[in-house]
1. Pairs needed: first member in segment 44-62, open to solvent by less than 50 Å² (accessible area, probe 1.4 Å) and part of a loop (DSSP other than H, G, I, E, B); second member anywhere, among the aliphatic types (A, V, I, L, M) and at pLDDT 85 or above; C-beta distance under 9 Å; at least 6 residues apart or different chains.
2. Filter segment 14-37 down to the residues that are free of Cβ contacts under 8 Å to residues at least 24 places away in the same chain and under 15 Å from the mean Cα position of the chain (by Cα), then identify the one that is least open to solvent (accessible area, probe 1.4 Å).
3. If W73 passes every condition in (1) surrounded by 13 or more Cβ atoms within 10 Å (Cβ to Cβ); (2) at pLDDT below 85 but one, which one does it miss?
Amino acid sequence: MLRYLPFLLVLAVWIYAFIDVLNTPEKEVRHLPKVVWVIIVLLFGEVLLGPVAWFVTGKKRRPAGGARSSRGWVAPDDNPEFLKGLEKDLDDKRDEP
């Protein structure tokens, strides 16, 4: 069983890279057109050159957690509107008899 492990790992990376190329929007693909990246990953996937090239240079990567987008999810304790709503709820509960 252990002798099949390298083959299975290469196959898993190959499939993951192929699906990643297909699911990546065209505007996030760098250096080459998306169709060319699909061909590179398929042709050179067996020796991992295609998938490694895709992961290193083919796709725009986002910074890990550092930058926030204006449309992205904001934690409740960082959201002023949510905090104002909590204050209003507390005031309403205090006013009740």
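The values are calculated or read from the model by the stated rules, or taken from the named source; none is laboratory data. None of the values given here were measured: they were computed from a predicted structure. FYI the Cβ positions are ideal-geometry reconstructions off the backbone, even for glycines, and counts take in every protein chain you see. These accessible areas exclude ligands, DNA and RNA; they are computed on the full protein's heavy atoms, side chains included. Shrake-Rupley method; radii C 1.70, N 1.55, O 1.52, S 1.80 Å.
1. Here the result reads G45/V10; G45/L11; G45/V13; G45/I15; G45/A17, each pair linking segment 44-62 to a residue that is among the aliphatic types (A, V, I, L, M) and at pLDDT 85 or above.
2. Per the criteria, the residue is P25.
3. Checking W73 against (1) surrounded by 13 or more Cβ atoms within 10 Å (Cβ to Cβ); (2) at pLDDT below 85, the one that fails is (1).
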